[in-house]
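A.B. asks: One structure is given below, represented as C-alpha cells, and several questions about it will come after.
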Amino acid sequence: MKKVNLFVFFVVLFSCTCAGQVHRFYYELTYKPSTKNKTFKKDLFYLDSLDKGSVFMRKEKFESDSLLAAQAYLPVLSLETMNFKVVKDLETPSVTVKDDLFIGTVSYKEPVDIHWKLSSENRITGRLHTQKAEADYGGRHWIAWFTQEIPVFDGPYIFMGLPGFIVELSDADNEYHWKLVGSKKNVRDKLFTESIMDEAVMSKEAYIKNKTNFIKDPLPVLMQSMSDVSKNEEMMSKMNHQAESIKKYYRDNDNTIER
C-alpha cells in the first residue's frame, strides 16, 4: 500500500480538497495495554474522512470487516480491545461507537462536547506548524497538537472540535499516543460505516454495564451462540474454558483508553 509522506504537507493539503472521495489519514498508536507491566504495543489506525463525516478504526479491523462485507469468509471470534469503529458526524457533532463484543456488535451514540483549552504554545511537527490544546475526557487528561494547514477539523478516536487537524494526541501519562504518519487520497467513494455482525444499539451507560458484565462473566454471552442441542457436557466444558480465557485476556489488558 503506497502512502503519501506526512511531511509533504502541500500534497496532503491539496488532496484534502478533492470532493466526493474518501481521504485516508494513517495514525500510529503506541500504547500500554496493561496496568501490571511496562510493555508497550503499536497499532496502525485509519481515519477515513469524507465531507462532514469520518470513520476511525484499526487497520486489521478494517481489512477483516471488508472481507466479511464481501462475504469472503465467516466471522472469526477474536479477542481484541481495539475492535471498535468510531463513526463521526462533524456537523452535529456526535459519534457512534461500535464495539465488537466477541459474538456481536454493541454500539452507542453520544454528542461530543470536549472542552478544549487552547495554548499559545506552538511547535513544528515534521513540517507542519502545530498548536497545543488540552482537554479532559474519559478519565484522562489529553494533550493535542493540531494544525490549520490541513483543512479537516478531526482527529483520532472520538476527538474533534479543534480549529484544525490533530497531528498528535497523547494522554498526560503517555500511555496512549497517536501520531499522524501518512495520508492517501481517493481510497474509496464512501465511508465504511456499517456493522458486519448483529448490532445492539443502546445508551453509553448501558454499553458500559453490558461490557463490564461480559468481562466479569462472558459465559452467558457465549451460550447465546449455542443451540439447545449443542449444549452437551463436552461443549459446555469448552465454553467454560473459553470464558476463562476471555476473563484472563481482559485482566491482562486492563488499561483501556477510557478509564
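A.B. asks: Roughly how tilted is helix 233-252, in degrees to the nearest 10 and between 0 and 90, from the longest Cα axis of the chain?
C.D. replies: That helix lies at roughly 30 degrees to the long axis.
A.B. asks: With axes computed from alpha carbons, what is the tilt in degrees of helix 59-69 against the longest principal axis of the chain, rounded to the nearest 10 within 0 to 90?
C.D. replies: 60 degrees
A.B. asks: Let me ask another. Over the chain, what percent of the accessible surface lies on carbon and sulfur atoms, probe 1.4 Å?
C.D. replies: 53 percent
A.B. asks: Residue 200's amide H: which non-local residues (gap 5+, or another chain) put their own amide H closer than 5 Å, with H modeled 1.01 Å from N in plane and none for Pro or chain starts?
C.D. replies: Hits under the 5 Å cutoff: 105, 106, 107.
A.B. asks: Can you give me the C-alpha center-to-center distance between the range 190-221 and the range 78-142, rounded to a whole angstrom?
C.D. replies: Each part's Cα centre sits 18 Å from the other's.
A.B. asks: Only one of the values (1) 0.99; (2) 1.23; (3) 0.94 was calculated from this structure for Rg/Rh (Cα atoms, Kirkwood Rh); name its label.
C.D. replies: So the calculated entry is the one marked (1).
A.B. asks: Can I ask one more? Rank-order 175-181, 164-170 by packing density, defined as the average count of other C-beta atoms within 10 Å over each peptide's residues, highest first.
C.D. replies: 164-170, 175-181
A.B. asks: Let me check against my output: what whole-number percent is the relative contact order of the range 165-259, with C-alpha pairs under 8 Å and at least 6 apart?
C.D. replies: Worked out over the range 165-259, it gives 21 percent.
A.B. asks: Could you work out the relative contact order of the chain, using alpha carbon pairs under 8 angstrom and six or more residues apart, expressed as a whole percent?
C.D. replies: 24 percent
A.B. asks: Which lysines does residue 61 reach when only Cα atoms under 16 Å apart count, and residues fewer than 8 places away in its own chain are ignored?
C.D. replies: Result set, ordered by chain and number: 42, 85, 98.
A.B. asks: Taking only protein heavy atoms into account and a 1.4 Å probe, give the accessible area per residue of the range 86-243 in Å².
C.D. replies: Details: 8130 Å² over 158 residues.
That works out to 51 Å² for each residue.
A.B. asks: Hey, which of these cross-link pairs are over 21 Å Cα-Cα: 36/132; 88/248; 41/117; 88/184?
C.D. replies: From the list (36/132; 88/248; 41/117; 88/184), the Cα-Cα distance tops 21 Å for 36/132; 88/248; 41/117.
A.B. asks: Under 20 Å between alpha carbons, and skipping anything fewer than 8 positions from residue 190 in its own chain: which aspartates and glutamates qualify?
C.D. replies: 48, 51, 60, 63, 65, 89, 91, 154
A.B. asks: For the chain, take the longest principal axis of its alpha carbons; what is the angle in degrees between that and the long axis of helix 204-216, to the nearest 10 within 0 to 90?
C.D. replies: Once rounded, one gets 50 degrees.
A.B. asks: Residues with beta-carbon under 12 Å from that of residue 90, excluding residue 90: net charge, scoring Lys, Arg +1 and Asp, Glu -1?
C.D. replies: Here the charged neighbours net out to -2.
The values are calculated or read from the model by the stated rules, or taken from the named source; none is laboratory data. Since this is a predicted model, take the numbers as computed values, not measurements. In this analysis, Cβ positions are derived from the backbone assuming ideal geometry, glycine residues included, and neighbour counts consider all displayed protein chains. Calculation scope for accessible area: heavy atoms of the full protein, side chains included, ligands and nucleic acids excluded. Shrake-Rupley method; radii C 1.70, N 1.55, O 1.52, S 1.80 Å.
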